[in-house]
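Worksheet: the structure to be examined is printed underneath.
What follows is calculated from the coordinates using simple rules that are stated; it is not laboratory data. All values reported here derive from a predicted model rather than from experimental measurement. Reconstructed Cβ throughout: ideal geometry from the backbone, glycine too, with neighbour counts over all protein chains shown.
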């Protein structure tokens with residue numbers, strides 16, 4: 001009889017609570033596992049287990065043998081690791097557990113790195129959104145988001161996984177903007193079962209939790225992927241973990257709702273059994289995961305910042321942010337060149353109030369000095385007769401302040417690349433002087449704006465330099481607006 005093999009089966013059987021679970025973990029048949037346990041008891045001359053139809057319990061001798069066997073098997077694994085190829089080549093199987101979304105977006109890259117370093121190692125990935133018990137389920141290492149739960153384990157904090165409130169641009173175009181947290185309850189919410197626990201969404205401004213906002217759950221799923229696909233298709237709004245939506249935000253298939261508000265991130269921990277029970281092989285992999293996982297999360301965070309966060313980082317900032325997390329791209333970043341394109345940007349909104357909120361985001365974005373610079377700005381509105389009018393400081397006092405803060409004064413006939421287009425002057429306080437719209441813009445631009453505006457709608461017109469269109473587009477689409485551009489020389 002192979003005593004070590006029998007001990008290994010017995011230990012796994014006790015930890016898993018069933019002979020079938022132990023057999024699956026060790027890749028042997030259940031009858032063979034049962035037969036070896038019976039032979040082990042005969043060899044020892046005592047009963048290790050008290051069996052019933054559905055369960056078993058260890059005898060006092062069985063508990064003693066279990067504890068001693070664990071120590072012996074651990075010592076054997078350490079000895080093998082120390083003498084096999086000077087301890088450089090790891091062999092055997094490591095069972096790793098992770099939640100579905102994180103396990104399908106981040107963990108594959110993590111495991112690829114492990115295999116590149118230790119090609120003889122066999123990895124088994126178990127995906128489950130419930131809390132996994134390391135001992136009873138035979139798991140060596142577990143990624144855990146949120147609450148740690150109970151049990152005997154060592155937890156290493158890896159960082160945080162952010163969450164983003166998103167919608168498809170087409171959905172916002174059809175159903176209107178979401179300008180305030182209180183608007184969320186008016187829209188169908190798609191979510192994974194167990195997310196948030198109640199129909200209340202925890203929101204925070206900057207780093208402070210400010211309120212729990214009611215939502216209207218329309219669809220619950222047991223897996224994040226159907227939720228993602230339905231949000232993309234415009235069936236509703238929802239919350240996605242950053243790794244799940246980073247690409248869709250980057251290419252504009254999704255936009256962030258309420259850019260000034262976010263959700264508290266989820267804490268990410270790496271769990272393993274206590275040091276005494278962990279093999280050298282598992283300890284080495286834990287160390288590697290502890291080092292490489294934060295790097296990958298940092299890259300995702302940088303990409304989210306680059307394409308959408310409140311600072312609305314431009315394409316050039318995306319590479320600067322990536323350099324902080326991945327020094328390997330220094331050469332690429334240093335040789336990449338950027339040009340700030342001069343654009344006339346026309347953003348159309350349902351009301352002046354919504355345009356004001358978007359204007360604040362434009363200003364915040366510009367203040368970050370990250371590839372977007374506003375040189376002038378003006379608000380126009382379509383009146384009941386179908387004519388375009390300029391909104392001046394008497395009509396809307398706020399805009400005299402905002403536009404003055406944004407631009408330091410409007411560009412006029414005296415200079416600037418759009419001097420021939422923007423033919424209006426600025427008052428001493430930064431407000432807009434009253435002029436007929438035909439005197440302010442050329443005929444083509446007036447026709448284009450008129451065709452985009454319904455009665456009461458507002459067009460916010462900016463002359464700006466931008467390195468990338470993504471961020472301004474995301475601001476406008478996030479408020480349910482539409483946008484078009486006219487390149488300037």
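Numbers for the structure displayed
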read-out	value
Rg ratio (alpha-carbon, reference 2.2 N^0.38 Å) - the range 142-214	1.44
Mean Cα-pair separation over length for the range 1-88, i.e. relative contact order, pairs under 8 Å, 6 or more apart, %	26
Gain on full stretching of the segment that runs from residue 290 to residue 20 - 0.36 nm per residue minus C-alpha separation	94.0 nm
FRET efficiency, residue 204 to residue 451 (Cβ-Cβ, R0 45 Å, nearest 0.05)	0.65
Rg to Rh quotient for the range 145-295, alpha carbon positions, Kirkwood Rh	1.05
Cα gyration tensor, the range 1-88 - rounded (a/c under 1.5), prolate or oblate	prolate
Theoretical gain in end-to-end length, residue 127 to residue 109 [0.36 nm per residue, Cα-Cα removed]	5.0 nm
Cα-based shape type of the range 260-305, given that a ≥ b ≥ c are square roots of the gyration tensor eigenvalues and the cut on a/c is 1.5	oblate
Translational diffusion of the range 15-165, µm² s⁻¹ [Kirkwood Rh, Cα pairs; Stokes-Einstein; 25 °C; 0.890 mPa s]	135
Potential lengthening between residue 225 and residue 30 on full extension [0.36 nm per residue; Cα-Cα distance subtracted]	66.7 nm
Ranked list, fewest to most other Cβ atoms within 10 Å of each Cβ, for 289, 184	184, 289
